[in-house]
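Inspection log for the structure reproduced underneath, given as C-alpha cells.
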Amino acid sequence: MILLHGHTDNRAGMLGNADLLLRHGYAVLLPDARAHGTSGGDLATYGVREADDIRRWFDWIEQAQAPRCIDGLGESMGAALLLQSLPTTPGFCAVAAESSFASFREASYDRLREKIHEGSWAGRTLLRPAVEAGLLYARWKYGVDFERASPEDAVVASRVPVLLIHGRKDTNLPPRNSEMILARNRARTPAVVLWEPAEADHCGAAGAEPEEFERRLIGWFESHDAPAGNRDLRPDSKIVP
C-alpha cells in the first residue's frame, strides 16, 4: 500500500492510516511528496510531476517485492496525486482517495472564494481573473502548466477501481470536487464509488465514523484483489450512502 499525505504535511500525517492497514496485514510505503518532508524539490506541482514519482515508487515495490497487489490511499493533495498517477500506473489493484480536488483550477476557485467567505460562484466569476493570472504566472516563472493537474481527467483515462471519500462538512475542498470526478465517470468500468460521510470535515472520515471508515476501506481493497486488466469489467459508478 502506498500512502500519500496532504499539502504542507509529510509522511507522518499518514501514520494513523498506516497503523490501520498494518493491523489488516498490509505492508505500507510512506513517502514524502516532492518539496515536502525530507524529499527534494523546491516546488509542489500538485500532480503534474508527482504522478511520475508515484509510478517510480510503484515500479520499485513491484521489482523489489513482487506482491500480488499494490494499492494506494491518499488524502487531500495526496489523493489528487494518486488519482493523477493512474493513467501511467495502471497496475494498481485499487485506490482510495479522500478529499481530493477535481482539478487544480477548481481547487483555486475554492481557495479564493474561501478567503472572501462567498459561495463557489465567486471563484468562477469575480475571482476568475486572479486564477487565470496565477496560472499564466506559474507557466512563465516555473515552466509548469497547472491546467494539467486534473484528477477528474486522469480517472477518465484509467481502469483502476477508485473509492472516493469526501466528508459532507468539508469546507476546505467541498465535496462537489469528488462529485465532479464521479459525474465524469458514471459510465466508466471498473467501479468509481463515492462515499460521503455526513459529519466528516476535510480528511475527517476516520475521525467521524472510524468503524465505517475501516469497514469500507478494507472491504474495498479486499474486493479488488487483482489488477484491473485481470478482472471482468462492469459498470458500477455510484454514490453509496
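Looking only at the stretch 53-80, how many residues end up being assigned to a loop (DSSP other than H, G, I, E, B), more than 17 Å from ARG159 (Cα to Cα) and out of contact with any strand residue (DSSP E or B) (no Cβ under 9 Å at 6 or more places or on another chain)? The total comes to 3. Of LEU3, LEU83, LEU21, all but one fail to be assigned to a strand (DSSP E or B) and closer than 24 Å to PHE221 by Cβ; the exception is LEU3. Considering the stretch 60-106, the residues that are touching a His at 6+ places or on another chain (Cβ under 9 Å) and among the acidic types (Asp, Glu) include one that is nearest to LEU29 (Cα to Cα), namely ASP71.
Of the residues in the stretch 13-32, not one is under 13 Å from the mean Cα position of the chain (by Cα) and buried (at least 21 other Cβ atoms within 10 Å of the Cβ). Checked against (1) more than 27 Å from PRO210 (Cα to Cα); (2) crowded, with 17+ Cβ neighbours inside 10 Å, GLU147 meets all criteria but (2). Right, SER76: touching a residue at least 60 places away in the same chain (Cβ under 8 Å), under 28 Å from ARG168 (Cβ atoms) and in contact with a helix residue (DSSP H, G or I) (Cβ under 6 Å, 6 or more places away or on another chain) or not? Against the criterion (touching a residue at least 60 places away in the same chain (Cβ under 8 Å), under 28 Å from ARG168 (Cβ atoms) and in contact with a helix residue (DSSP H, G or I) (Cβ under 6 Å, 6 or more places away or on another chain)), SER76 does not qualify. Here SER85 fits the description: touching a helix residue (DSSP H, G or I) at 6+ places or on another chain (Cβ under 8 Å), under 17 Å from PRO161 (Cβ atoms), buried (at least 16 other Cβ atoms within 10 Å of the Cβ) and of a type in the set (Ser, Thr, Tyr). Looking only at residues that are modelled with pLDDT under 95 and surrounded by fewer than 16 Cβ atoms within 10 Å (Cβ to Cβ) in the stretch 186-222, which one is farthest from SER99 (Cα to Cα)? This residue is ALA187.
The values are calculated or read from the model by the stated rules, or taken from the named source; none is laboratory data. Just so you know, these numbers come straight off a predicted model, no measurement behind them. Please note: Cβ atoms are built from the backbone with ideal geometry, for glycine as well, and neighbour counts cover all protein chains shown.
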